[in-house]
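Values quoted throughout were computed directly from the atomic coordinates according to the rules given, and no laboratory measurement underlies them. In this text, all values refer to a predicted model and were calculated from it rather than measured experimentally. So basically every Cβ, Gly included, is an ideal-geometry build from the backbone, and we count neighbours across all protein chains shown.
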């Protein structure tokens, strides 16, 4: 299940496989390995020797590798989640220095190289600070404008389960990266996390389950199209204002209120509520919802600005109150951390 995948990444990344030989090379895994290799590179020689395998290889090749790795100046790897020749060579160098088998440039899940890398780097792999663990000390949060769209789509597909691996996620990313009101990368991470959860892993605008049956808004209301929005002035429609979209817009007053706020004609969504299922419209509702109050739907004054501000640790768990109190707040916060890491790596 998607939440299990996200939880595994957040609780303490365990590399699936990184390097050569057909490794999976998931971006977060690769970045984690790159960061740990950079930590190891800074260790003094005396400290490094204490981690060498007790079973010392007798081959000349292995002895020479240890000597050459210790003597050369090591340039830090760029922690970008891309497994190129430089990262593979550094894995081989690590294996050559610390392990007693012929280097193969591959790190497999729970294998000897991974176990040794965690031990030598002396990091708490179950640290709560996943940004620092994966990206290094005090990672700078880049500008959203620098995100590589194609890579973001690819990494989302590879890291998290998607019901529809088609254009729905791509459309959402298009809207996200061209939103003039969205400049904070961590806001974008929370938009992605919320939409991923609310649409049941599809990024496709959806209709509320059971169409709000039993709720205050489940009855049809007669609506007159006085402006002729749907073509005929004065025509009456029977509309029910159950939830629609990326987040569930409900109540006739909310549909009426938000139309002009997102650039539509007055009462356009009130007359034609299914328009809220169009991806671009659903996105505009989402971003307005996150940043503003909407009468009857969310008039509690909870906005994303309250939970996520530049220069501060984002309160992804608390931000759930913007949409649905504390419902599954930890799960969605974990999604947000994964999306934030992917967004940052897609800027590098």
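Odds and ends about this structure:
- Normalising the average separation of contacting C-alpha pairs (under 8 angstrom, six or more residues apart) by the number of residues puts the relative contact order of the chain at 18 percent.
- Distance between the 7 Å Cα→Cβ label points at residue 274 and residue 112: 6.4 nm.
- Net length gained if the chain between residue 24 and residue 236 were fully extended (0.36 nm per residue, minus Cα distance): 70.7 nm
- Tilt relative to the chain, helix 60-71 - C-alpha long axis, 0 to 90 degrees, to 10: 70 degrees
- Förster radius 41 Å - calculated FRET efficiency between residue 104 and residue 163 (Cβ-Cβ, nearest 0.05): 0.65
- Modelled label positions at residue 211 and residue 149, each set 7 Å beyond Cα in the direction of Cβ, lie 3.6 nm from each other.
- GNM flexibility winner over the chain from 46, 227, 31 (Cα, springs under 10 Å): 46
- Taking Cα atoms only, the orientation of helix 329-345 departs from the longest principal axis of the chain by about 60 degrees.
- Distance between modelled label sites at residue 54 and residue 177, nm, 7 Å Cα→Cβ extension: 5.2 nm
- Helix 85-98 and the longest principal axis of the Cα set of the chain meet at an angle near 50°.
- Cβ crowding within 10 Å ranks 163, 118, 134 as 163, 118, 134, fewest other Cβ atoms first.
- Burial ranking of peptide ranges 193-205, 74-86, 335-347, 16-28 (average Cβ count within 10 Å, highest at the top): 335-347, 193-205, 16-28, 74-86
- Fewest-first ranking of 153, 237, using other Cβ atoms within 10 Å as the exposure measure: 237, 153
- Computing Kirkwood radius over Cα pairs in Å for the structure here picks out one of (i) 19.7; (ii) 21.3; (iii) 22.6, namely (iii).
- Compared with the alpha-carbon gap, the fully stretched path from residue 220 to residue 328 is longer by 35.8 nm at 0.36 nm per residue.
- Per-residue [θ]222 nm for the chain (sum of -39500 (n - 2.57) over DSSP H runs n ≥ 4, rounded to 500): -13500 deg cm²/dmol
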